[in-house]
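**Student:** Okay, here's the structure, questions in a sec.
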Ligand SMILES: Cc1cc2nc3c(=O)[nH]c(=O)nc-3n(C[C@H](O)[C@H](O)[C@H](O)COP(=O)(O)OP(=O)(O)OC[C@H]3O[C@@H](n4cnc5c(N)ncnc54)[C@H](O)[C@@H]3O)c2cc1C
């Protein structure tokens, strides 16, 4: 599946990094960065967790 | 379990509903909310919405498609009015009754008000839109309460060209939340910009042309915003037998009664990480607790997990981004462990007993804060953490 990030909604909480470190990172202002756009099934649970805990509803998973 | 009801359709309630589906629950899932809108986000209300940078459409927590995919029995614009745990039903204001096998309570809080008419509060989209219409250049806004909410609104109003006065009963705003030193730094941001601040004053009443203070003095204003804290929405639980006292009282599993769980701002639960019961009004905790409550409701009894988060919140005021981890209230000591208070760029660590229990950062990169979150999550000893991270203090 594909991960979409709306960076201008991001509030820099870093919750996504805590949930899925290998998919998300933060820049120096704390704004989330996508390390990988495509995630395989093995990473899906963590990314879903990130979607759920993001306090800005800035992350989405889309089917391709 | 074939019928689960979630009451409260905001951050915590939505998160609980989503989690139930993710965990594989495929029975009837009813989400009840007294607001007419689909679940939306509140933090931007005192930021981008008040500043008119965003229109309300951006607040939606999920797209209509994502919401539809949950297959909810969605009841919006109708309040729950009573809970009968004995026959496992929730009664609604429209006269209907919802039988349940499992229940999640996520009814949040509402603003505390003051006597008198005509003041604004800031909790809903309508509140924010009503206030923003009035924040035109030159208008005099009095904000009662200089907590995080009041401070954010003051910052936006100042930027919009209003003449802003903050009124605060404590000698230094936010002292009980973040300590006096840090409170002073945050307060300076207002003073530097010409926002007026009067501390040690108690507002007793909202009047036609402003507010009245306890000493009888009158402060004139065109608009008054009351931001003096909130009250948990628990009235509908009266007579249910649940324990209510500054929130729905829950154990470490977020359980209030058998098959009844609660999440978000409305809950006072026992957080084993800090060994104390707490009620937290933070956006991320609401979502996390919604997940935890849903999982514990759906799990086999022996598979339940205590909800032991490191609370986190952020606040945007002027050009400051404030971020805090942990439980800062009731701390014994605050130490600046990075940066400098005078520059408004720092990390402050909080000690309770011999542990690191909190950290607050202003204008610091994420890496500087993350290690402190880790220290709190692992219950690190104060003396180890503070000594190893600030060698400069010792040299
Ligand atoms: C202006 C503002 C700014 C904020 N900024 C930040 C911030 O910067 N950072 C941060 O961490 N947190 C912030 N917060 C706090 C954050 O928004 C809350 O912690 C979060 O909304 C809590 O979610 P909740 O679902 O528990 O409760 P709520 O959001 O209060 O939702 C509860 C819902 O239940 C409904 N309800 C109540 N009673 C009933 C009933 N009887 N029947 C049916 N429905 C009912 C309510 O109307 C509401 O829709 C802010 C809050 C506000 C108001």
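Readers should treat all values here as calculations from the given coordinates under stated rules, not as data from a laboratory. Since the model is a prediction, treat every value here as computed from it, not as a measurement. So basically every Cβ, Gly included, is an ideal-geometry build from the backbone, and we count neighbours across all protein chains shown.
**Student:** Given contacts defined as C-alpha pairs under 8 Å and at least six residues apart, what's the relative contact order of chain B, whole-number percent?
**Tutor:** Working: 875 pairs, mean separation 59.0, N = 395.
Once divided by the residue count of chain B, the mean separation gives 15 percent.
**Student:** From the mean inverse distance of alpha carbon pairs (Kirkwood) and the Cα radius of gyration, derive Rg over Rh for chain A. List each step's numbers first, then the result.
**Tutor:** Working: Rg = 10.3 Å, Rh = 11.3 Å.
We get a ratio of 0.92 for chain A.
**Student:** Next up: Quick one: in the stretch B:226-377, what % of C-alpha pairs are over 25 Å apart? Each step should come with its number before you reach the end.
**Tutor:** Values: 4222 of 11476 pairs.
When all Cα pairs of the stretch B:226-377 are counted, 37 percent exceed 25 Å.
**Student:** Need one value for A:5-17: mean number of C-beta atoms belonging to other chains within 10 Å of its residues' C-beta atoms. Mind dumping the intermediate values first?
**Tutor:** Working: counts 0, 1, 0, 3, 5, 0, 11, 7, 8, 10, 5, 0, 2.
Counting other chains' Cβ atoms within 10 Å and averaging over A:5-17 gives 4.
**Student:** Now a separate question. Could you pull out which residues in the stretch B:226-267 have an amide N less than 14 Å from a spot 7 Å beyond the Cα of residue B:84, following the Cα-Cβ vector?
**Tutor:** Only B:239-241 pass the distance filter.
**Student:** Counting only C-alpha contacts under 8 Å and six or more residues apart, can you give the relative contact order of chain A as a whole percent? Don't skip to the end; give the middle numbers.
**Tutor:** On the way: 115 pairs, mean separation 29.8, N = 64.
Result for chain A is 47 percent.
**Student:** Ok, one more. Could you compute the FRET efficiency for residue A:44 and residue B:70, with r as their C-beta to C-beta distance and R0 at 22 Å, rounded to 0.05? Please list the in-between numbers first.
**Tutor:** Numbers: r = 17 Å, r/R0 = 0.79.
Rounded to the nearest 0.05, the efficiency is 0.80.
**Student:** Ranked by Cβ crowding within 10 angstrom, fewest neighbours first, how are B:325, B:318 ordered? Write down the numbers at each step before the final one.
**Tutor:** Numbers: B:325 27, B:318 19.
Final ranking by Cβ density, sparse to dense: B:318, B:325.
**Student:** Another one. Taking neighbour Cβ counts within 10 Å as the exposure measure, how do B:280, B:105 sort from fewest upward? Present the calculation step by step, with values, prior to reporting the outcome.
**Tutor:** Details: B:280 22, B:105 34.
Least to most surrounded, the residues fall as B:280, B:105.
**Student:** Please sort B:168-177, B:348-357 by packing, taking for each peptide the average over its residues of neighbouring beta carbons within 10 angstrom, highest first. The partial results should precede the final answer.
**Tutor:** On the way: B:168-177: 18.4, B:348-357: 21.6.
In descending order of packing, they fall as B:348-357, B:168-177.
**Student:** Next question, about the same structure. Mind giving me the FRET efficiency for residue B:101 and residue B:329? R0 is 30 Å, r the Cβ-Cβ distance, nearest 0.05 is fine.
**Tutor:** For residue B:101 and residue B:329, the calculated efficiency is 0.25.
**Student:** While we're looking at this one, here's another question. Quick check: from the Cα gyration tensor, does the stretch B:182-287 come out rounded (a/c under 1.5), prolate or oblate? Walk me through the numbers on the way to the answer.
**Tutor:** Details: a/c = 3.31, a/b = 1.88, b/c = 1.76.
Taking the square roots of the gyration eigenvalues as a ≥ b ≥ c, the stretch B:182-287 is prolate.
**Student:** Could you give the length gained on full extension between residue B:117 and residue B:53, defined as 0.36 nm per residue of separation minus the Cα-Cα distance, in nm? Display every interim value, and only then the final one.
**Tutor:** Working: separation 64, 0.36 × 64 = 23.04 nm, distance 2.90 nm.
Full extension of this stretch gives 20.1 nm more.
**Student:** Another one. Calculate the tail of P(r) for chain B: the fraction of all Cα-Cα distances greater than 27 Å, expressed in %. Provide the component values of the computation, followed by the final result.
**Tutor:** Values: 41823 of 77815 pairs.
Percentage above 27 Å: 54.
**Student:** From the gyration tensor of the Cα coordinates in the stretch B:319-394, what semi-axes in whole Å does the equivalent ellipsoid have, largest first, with each one equal to sqrt(5λ)? Walk me through the numbers on the way to the answer.
**Tutor:** Values: eigenvalues 65, 38, 26 Å².
The three semi-axes for the stretch B:319-394 are 18, 14, 11 Å.
**Student:** Cα-Cα pairs above 15 Å in the stretch B:190-241: how many percent?
**Tutor:** On the way: 836 of 1326 pairs.
Counting pairs separated by more than 15 Å, the tail of P(r) holds 63 percent.
**Student:** Would you report the distance distribution of C-alpha pairs in the stretch B:66-168 as whole percents per 10 angstrom bin, up to the bin with the largest distance?
**Tutor:** P(r) over the stretch B:66-168, rounded to whole percents: 12, 31, 21, 21, 14, 2.
**Student:** Here's a follow-up. Is the shape of the stretch B:113-226 rounded, prolate or oblate, going by the alpha carbon gyration tensor and its root eigenvalues a ≥ b ≥ c, with a/c under 1.5 for rounded and a/b larger than b/c for prolate?
**Tutor:** On the way: a/c = 1.55, a/b = 1.19, b/c = 1.30.
Since a/c reaches 1.5 but b/c is at least a/b, the shape of the stretch B:113-226 is classed as oblate.
**Student:** Between residue B:136 and residue B:354, what is 0.36 nm times their sequence separation minus the Cα-Cα distance? Round to one decimal in nm. Before the final figure, lay out each step's value.
**Tutor:** Numbers: separation 218, 0.36 × 218 = 78.48 nm, distance 4.96 nm.
So the chain would gain 73.5 nm between residue B:136 and residue B:354.
**Student:** Obtain the nm distance between the two label points defined at residue B:214 and residue B:278 by a simple spin-label model: each point lies 7 Å from its Cα along the Cα-to-C-beta direction.
**Tutor:** A separation of 2.9 nm, rounded to one decimal place.
**Student:** For Cα pairs less than 8 Å apart in space and 6+ apart in sequence, what is the mean separation divided by the residue count of the stretch B:1-91, i.e. the relative contact order in percent?
**Tutor:** Values: 123 pairs, mean separation 29.4, N = 91.
Worked out over the stretch B:1-91, it gives 32 percent.
**Student:** Let me ask something else. Per residue of A:51-62, how many C-beta atoms from partner chains lie within 10 Å of its own C-beta, taken as a mean? Please list the in-between numbers first.
**Tutor:** On the way: counts 4, 9, 8, 4, 14, 6, 13, 0, 0, 3, 1, 0.
What the average comes to for A:51-62 is 5.
**Student:** Once all Cα-Cα distances of the protein assembly as shown are split into 20 Å bins that start at 0, what whole-number percent is in each one?
**Tutor:** That works out to 24, 57, 19, 0, in percent per bin.
**Student:** Shifting gears a bit: Arrange the peptides A:32-45, B:371-384 so that the one whose residues have, on average, the most other Cβ atoms within 10 Å appears first. Walk me through the intermediate numbers first.
**Tutor:** Working: A:32-45: 13.3, B:371-384: 17.7.
Averaged packing, sorted descending, gives the order B:371-384, A:32-45.
**Student:** Inside 10 Å of the C-beta atoms of B:24-36, what's the mean count of C-beta atoms belonging to other chains? Could the numbers behind the result be given before it?
**Tutor:** Numbers: counts 0, 0, 0, 0, 0, 0, 0, 0, 0, 0, 0, 0, 0.
That average works out to 0.
**Student:** How far apart, in nm, are the 7 Å Cα→Cβ label points at residue A:25 and residue A:8?
**Tutor:** The modelled label-to-label distance comes out at 2.5 nm.
**Student:** Quick one: Cα centre-to-centre distance for the stretch B:222-293 and the stretch B:153-168, in angstrom?
**Tutor:** So the two Cα centres are separated by 30 Å.
**Student:** Also: So, R0 is 45 Å and r is the distance between the beta-carbons of residue B:93 and residue B:367; what FRET efficiency does that work out to, to 0.05?
**Tutor:** Working: r = 49 Å, r/R0 = 1.09.
With R0 = 45 Å, the Cβ-Cβ based efficiency is 0.35.
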